[in-house]
């Protein structure tokens, strides 16, 4: 069973101006002369963590991580202005150009898989290979599963708490009502709505006996606000659905990993992606849910990054 690589420290850390409003946090790790790989975090709104560096062999990979607009260490925190999928895709290109990287591997999970797929479709010539986990196409159907009905059938007690924050007459549009609460200008209302929304998502995060925590004593409402912002707008990609443009990825090394019991991003979309790209490698991890650090999931992801190196070095 493969485990994550040992913890490492960044080689460089900086903020990169990407607009008149936003400066995004960027760090590079590993071997500056190795295979470039960019880690695209989930959420939306989550940001990167120290252990996200550890999916990659630091002696072989030049590892780039960044916090998306409004997330974590990027500035200003939680700002929704000029914050859409198109802006984030442009930011990834800005990072690549700033670092002088010609091509790189793209690695993304959950919402990060959505953004990685959109980026790869729009900048095919810049992507050496693609690794996606917990595949999410950002469709209205998937957002309805998460925030309205679908997941609710598996966690009815958690769903009742989540739904009950919304007035009865608005419970047919829960996500839209949560977003209205979060953007009302009332900080107390925003914080309560963000907490309850993230608590609901946490209920479907892992199948392990010891849950991987999403919420802690330092909970910040900004992730909930950003996640609602993207999901209520169906990830800002309804005019260009991911599934309609998968043919552009043919011929690219693609590794797809999904938990069999991923309640947030069920394996259906991973399988559809694999069907559209017959040369891709699909791993459905039987003893895993959504969390990327569950042992069986970590094994599958580290195996994918190791195999990507072998595959690219032989071409």
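Rundown of residues vs (1) more than 30 Å from residue 60 (Cβ to Cβ); (2) out of contact with any helix residue (DSSP H, G or I) (no Cβ under 7 Å at 6 or more places or on another chain); (3) crowded, with 19+ Cβ neighbours inside 10 Å, yes/no style:
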{"site": "262", "(1), (2), (3)": "no, yes, yes"}
{"site": "277", "(1), (2), (3)": "no, no, yes"}
{"site": "302", "(1), (2), (3)": "no, no, yes"}
{"site": "306", "(1), (2), (3)": "no, yes, no"}
{"site": "314", "(1), (2), (3)": "no, yes, no"}
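Of all residues in segment 276-292, at least one satisfies being in a helix (DSSP H, G or I) and at negative phi.
The numbered conditions (1) in the same structural domain as residue 106 (by TED's automatic domain parsing); (2) touching a helix residue (DSSP H, G or I) at 6+ places or on another chain (Cβ under 6 Å); (3) crowded, with 16+ Cβ neighbours inside 10 Å; (4) over 25 Å from residue 291 (Cα atoms) are all true for residue 124 except (3).
For segment 57-64, the criterion of being in the same structural domain as residue 120 (by TED's automatic domain parsing), out of contact with any strand residue (DSSP E or B) (no Cβ under 7 Å at 6 or more places or on another chain) and surrounded by 20 or more Cβ atoms within 10 Å (Cβ to Cβ) is satisfied by no residue at all.
Could you go through segment 182-190 and let me know if any residue there is assigned by TED's automatic domain parsing to the domain that holds residue 163 and surrounded by 17 or more Cβ atoms within 10 Å (Cβ to Cβ). Among the residues of segment 182-190, at least one is assigned by TED's automatic domain parsing to the domain that holds residue 163 and surrounded by 17 or more Cβ atoms within 10 Å (Cβ to Cβ), which makes the answer yes. Screening residue 86 against (1) out of contact with any strand residue (DSSP E or B) (no Cβ under 8 Å at 6 or more places or on another chain); (2) assigned by TED's automatic domain parsing to the domain that holds residue 244; (3) surrounded by 17 or more Cβ atoms within 10 Å (Cβ to Cβ) leaves a single unmet condition, (3). Taking the residues in segment 201-221 that are within 21 Å of residue 70 (Cβ to Cβ) and modelled with pLDDT of 70 or more as candidates, determine which candidate is surrounded by the fewest Cβ atoms within 10 Å (Cβ to Cβ). The selected residue is 219. Against the test of being surrounded by fewer than 23 Cβ atoms within 10 Å (Cβ to Cβ) and outside any loop (DSSP other than H, G, I, E, B), the options 37, 26, 21, 13 yield a single qualifying residue, 13.
Across segment 88-97, a minimum of one residue is classified as more than 24 Å from residue 255 (Cβ to Cβ), in a helix (DSSP H, G or I), over 18 Å from the mean Cα position of the chain (by Cα) and free of Cβ contacts under 8 Å to residues at least 40 places away in the same chain. Yes or no: residue 130 crowded, with 18+ Cβ neighbours inside 10 Å, in contact with a strand residue (DSSP E or B) (Cβ under 6 Å, 6 or more places away or on another chain) and within 25 Å of residue 19 (Cβ to Cβ)? Answer is no for this residue.
In segment 133-154, the residue that is surrounded by the fewest Cβ atoms within 10 Å (Cβ to Cβ) out of those that are part of a loop (DSSP other than H, G, I, E, B) and without any contact (Cβ under 8 Å) to a residue 60 or more places away in the chain is 149.
The values are calculated or read from the model by the stated rules, or taken from the named source; none is laboratory data. What you see is a predicted model; the values in this text were computed from it and never measured. All Cβ positions, even for glycine, are placed from backbone atoms using ideal geometry, and neighbour counts span all protein chains on display.
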